[in-house]
């Protein structure tokens, strides 16, 4: 294979926009979450559990986690691109991060929807 | 005036070192470049670039007390002593304050810094309205001194892939030019995780530009245009 500097992947703008959209979603959820904490002041497990009983709260939390995972993916991918140069090692690192983030997202769904 | 200069002659030195000079300035020596000319008179082995001596050619860009700037427009009176001078960071040093700017100009050339217009050339010139011409203010004044790109951590890290603030300012200069017909192609060229989107809005470029230009703003306008064409 030729040893040439290759650019032109054509996904920079989508990632940049997605990072900002997900940041907005997380910011809105964070404000909402703080307001709920102040209003409910959960002191025990039951109160914490009760906070996540409404379906809209669960959906908002899922949206927050998905936003967090996608936001983290773009950021971590950029770090990997900066620090891991061999293509094979970079691909493996990307794969590991994707699996970890999908696992975290699935775990958060499982926690929110279990009885 | 005490000046400490990074010296390096690849023919004789294993690595760069700092050398201090005690320079006697004349009353007419107002700018750092005047002091460097005095150093050159004291030690003719010292090398640095200079040309217009009035902030137009961009030849004497260097790192002055930790911040990139032009020696010819930097007042001696504003500098804290000893003045530490180093070559522009991130570029290969050829000798003393000389750096190899090939990579910088390679990125500049990659954005096709010329008008692309396939219409037959008019007899005199391609005219613009005063409003369209005003769009180029703050863009065309760049003198390509490389102060901005060599103060950008993203350019230090990916100089072969990230265009850098100087190149991106010029990219927007041609995107903003109503006489240019290659806007789509120019945006396509920059739609890449490295070429444009390695800019993380650190704004070192704005901080150091000796012409008070704002590459970060130009980069933001490129992103705005990319957004406009997809929504």
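The values are calculated or read from the model by the stated rules, or taken from the named source; none is laboratory data. Quantities reported herein were computed from a predicted structural model and do not represent experimental measurements. Cβ coordinates were reconstructed from backbone atoms using ideal geometry, including for glycine residues, and neighbour counts include every protein chain displayed.
List of remarks:
- Counting only residues that are surrounded by fewer than 15 Cβ atoms within 10 Å (Cβ to Cβ) and part of a helix (DSSP H, G or I), segment A:68-89 holds 7 of them.
- Segment B:123-164: number of residues that are under 22 Å from residue A:7 (Cβ atoms) and surrounded by fewer than 17 Cβ atoms within 10 Å (Cβ to Cβ): 4
- Test result for residue B:142, in a loop (DSSP other than H, G, I, E, B), at pLDDT 95 or above and within 14 Å of chain A (Cβ to nearest Cβ): no
- The helices (runs of 4 or more DSSP H) falling completely within segment B:156-213 that include 1 or more residues that are out of contact with any helix residue (DSSP H, G or I) (no Cβ under 9 Å at 6 or more places or on another chain) and within 13 Å of chain A (Cβ to nearest Cβ) map to B:183-190.
- Selection within segment B:25-41 - in contact with a helix residue (DSSP H, G or I) (Cβ under 7 Å, 6 or more places away or on another chain) and part of a loop (DSSP other than H, G, I, E, B): B:25, B:29, B:30
- Filter pass, residue A:83 being more than 18 Å from residue B:192 (Cβ to Cβ) and within 14 Å of another protein chain (Cβ to nearest Cβ): yes
Residue-wise test of (1) closer than 30 Å to residue B:190 by Cα; (2) more than 13 Å from the chain's Cα centre (by Cα); (3) in a helix (DSSP H, G or I); (4) modelled with pLDDT of 95 or more.
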| position | (1), (2), (3), (4) |
| --- | --- |
| A:3 | yes, yes, no, no |
| A:21 | yes, no, yes, yes |
| A:37 | no, yes, yes, no |
| A:66 | yes, no, yes, yes |
| A:91 | yes, yes, yes, yes |
| A:94 | yes, yes, yes, yes |
